[in-house]
1. Kindly indicate whether any position in the range 147-158 is away from the ligand (no atom under 13 Å from the Cβ) and either within 25 Å of G288 (Cα to Cα) or in contact with a Lys or Arg (Cβ under 9 Å, 6 or more places away or on another chain) (or both).
2. How many of the residues making up the range 163-190 are under 29 Å from W267 (Cα atoms), away from the ligand (no atom under 14 Å from the Cβ) and of a type in the set (A, V, I, L, M)?
3. Select, from D61, D48, the only residue that is farther than 14 Å from I245 by Cα, surrounded by fewer than 21 Cβ atoms within 10 Å (Cβ to Cβ), more than 16 Å from the ligand (Cβ to nearest atom) and acidic (D, E).
4. Hey, could you check the range 191-227 for residues that are at positive phi, away from the ligand (no atom under 13 Å from the Cβ) and surrounded by fewer than 24 Cβ atoms within 10 Å (Cβ to Cβ) and say which is modelled with the lowest pLDDT?
5. What helices (runs of 4 or more DSSP H), lying completely within the range 268-365, carry at least 1 residues that are farther than 25 Å from H102 by Cβ?
6. Answer with yes or no whether G2 is over 23 Å from the mean Cα position of the chain (by Cα), within 27 Å of L273 (Cβ to Cβ) and among the small types (G, A, S).
7. Let me confirm something: among A55, A33, which residue is in a helix (DSSP H, G or I) and either farther than 13 Å from V213 by Cβ or open to solvent by less than 30 Å² (accessible area, probe 1.4 Å) (or both)?
8. Only one of these is assigned by TED's automatic domain parsing to the domain that holds L138, touching a residue at least 60 places away in the same chain (Cβ under 8 Å), touching a Ser or Thr at 6+ places or on another chain (Cβ under 7 Å) and more than 24 Å from H126 (Cβ to Cβ): G202, G184, G156, G210. Name it.
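The values are calculated or read from the model by the stated rules, or taken from the named source; none is laboratory data. Note that the structure is a prediction, hence the values are computed from the model and not measured. Ideal geometry is used to build each Cβ from the backbone, glycine not excepted, and the neighbour counts take in all protein chains shown. All accessible areas refer to the heavy atoms of the entire protein, side chains included, with ligands and DNA or RNA removed. Shrake-Rupley method; radii C 1.70, N 1.55, O 1.52, S 1.80 Å.
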Amino acid sequence: MGRYIYLDNNGTTEMDAEVISFMHQYESLYGNASSMHSLGRNAAAGIDWARGEVAKLIDGDESGVYFTSGATESNNTVFSIFRDLIDDGSSRNRIVLSSVEHPASIETAKYLRKRGYNVDFAPVDHSGRLDLDKYKALMGDDVCFVSVMVGNNESGTIQPVKEAAEIAHSSGAYFHTDATQAIGKIPVSVREIGADYLSLSGHKFYGPKGIGVLYAAPSVPMRPFIHGGHQENGMRAGTYNNQAIYGLGKAAELALKNIEYEHTMLWQMREALRKGILDRIPDVIVNGSDNPEYCLPGTLNVSFAGAEGESILLYLDLEGIAVSTGSACATGSLEPSYVLLAAGLDTELAHGSIRFSFGRFNTMEDVDYVLEKLPPIIDRIRKMSTRR
Ligand code: PMP
């Protein structure tokens with residue numbers, strides 16, 4: 001294959017070579033980390049180390065880091081903890097989440113709602129940011145927990161999580177944040193946010209797939225969520241996946257070390273692409289926020305009027321450029337993105353949206369290449385389209 005430019009880093013990232021070689025180093029460390037012999041203890045030491053790296057990355061306590069299979073499991077778990085409390089008769093029996101959460105939360109909430117639980121979705125404004133007044137109006141002494149993500153996977157919009165956490169706490173509710181897309185791109189501190197729970201996934205920041213974390217702050221409600229052995233303080237049973245956990249630890253270490261440089265690089269590439277597209281292509285809408293402070297640095301979501309997102313994606317793929325229409329999780333359905341619709345974008349423009357997401361291994365040459373290939377593609381699709 002010729003040139004291949006990967007601009008789908010919000011979907012997943014390529015593992016960092018340092019993570020791969022670190023994992024290779026421990027390939028033969030097959031000990032069960034729960035065993036008391038030396039092989040087991042060696043395996044456990046690596047897991048303790050990785051837990052410490054994750055705690056540092058999110059500025060939390062090591063004791064609150066629970067390894068899971070990824071953010072989907074972590075998000076689901078928070079809902080099920082509170083579902084149990086509601087089942088046990090808690091007077092706080094309502095759940096509130098933003099309407100632009102990842103499907104790992106939205107679908108869990110819808111599932112609970114179908115089964116009779118009280119769930120409210122908090123609306124967002126035109127930039128995809130939580131409408132804090134409407135959110136505040138949804139609070140009450142019957143709310144058990146609230147979930148608002150740090151940064152959105154599709155639009156890249158950063159949410160006012162600190163304010164949202166304060167509002168949730170002042171009505172006595174716990175606060176969960178899904179930081180999956182923010183980790184490694186912007187600093188994330190559970191202390192600063194005031195988050196009681198946080199979710200993340202290793203493969204979104206150059207680590208392995210199938211490994212993630214649920215963070216729970218000291219003394220928040222917690223209960224066993226995978227039943228079995230006594231791993232993870234008896235909360236999440238199952239023999240440890242040593243290598244994946246070490247890889248996650250290494251990815252966390254690198255993310256923290258590189259955060260400032262990467263933030264700057266990702267922002268520069270995103271901005272060069274945004275300006276280049278606006279200069280070269282008419283009838284374009286940049287989705288998400290105009291305020292740089294509210295944008296994940298590597299995410300650019302653009303709607304091209306009169307051009308279907310799927311066609312653009314396929315033509316770009318033929319040129320060796322990988323992008324996404326909405327979120328990777330929406331692939332397979334041609335439904336317009338609920339995230340963009342929630343921000344008030346009309347259906348046709350939501351259909352014409354493309355998400356470019358940059359990562360550690362992209363360069364400015366990648367931006368130049370996209371700016372060379374994209375304008376004639378949009379032109380061709382618009383000419384073929386019957387809708388214009
Ligand atoms: N939350 C967000 C914001 C995400 O972007 C994703 C992955 N697209 C997830 C949760 C789920 O992560 P995973 O598929 O690794 O479980």
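1. So in the range 147-158, the residues away from the ligand (no atom under 13 Å from the Cβ) come out as none.
No, because not a single residue in the range 147-158 is away from the ligand (no atom under 13 Å from the Cβ) and either within 25 Å of G288 (Cα to Cα) or in contact with a Lys or Arg (Cβ under 9 Å, 6 or more places away or on another chain) (or both).
2. 3
3. Details: D48 fails: farther than 14 Å from I245 by Cα.
Step by step, each of D61, D48 is checked, and only D61 is farther than 14 Å from I245 by Cα, surrounded by fewer than 21 Cβ atoms within 10 Å (Cβ to Cβ), more than 16 Å from the ligand (Cβ to nearest atom) and acidic (D, E).
4. Across the range 191-227, the extreme among qualifying residues is S219.
5. Details: elements: 309-318, 338-342, 347-351.
Answer list for the range 268-365: 309-318.
6. Yes, satisfied.
7. Working: A33 fails: in a helix (DSSP H, G or I).
None of the other options fit; the residue is A55.
8. Working: G202 fails: touching a Ser or Thr at 6+ places or on another chain (Cβ under 7 Å); G184 fails: touching a Ser or Thr at 6+ places or on another chain (Cβ under 7 Å); G156 fails: more than 24 Å from H126 (Cβ to Cβ).
It is G210.
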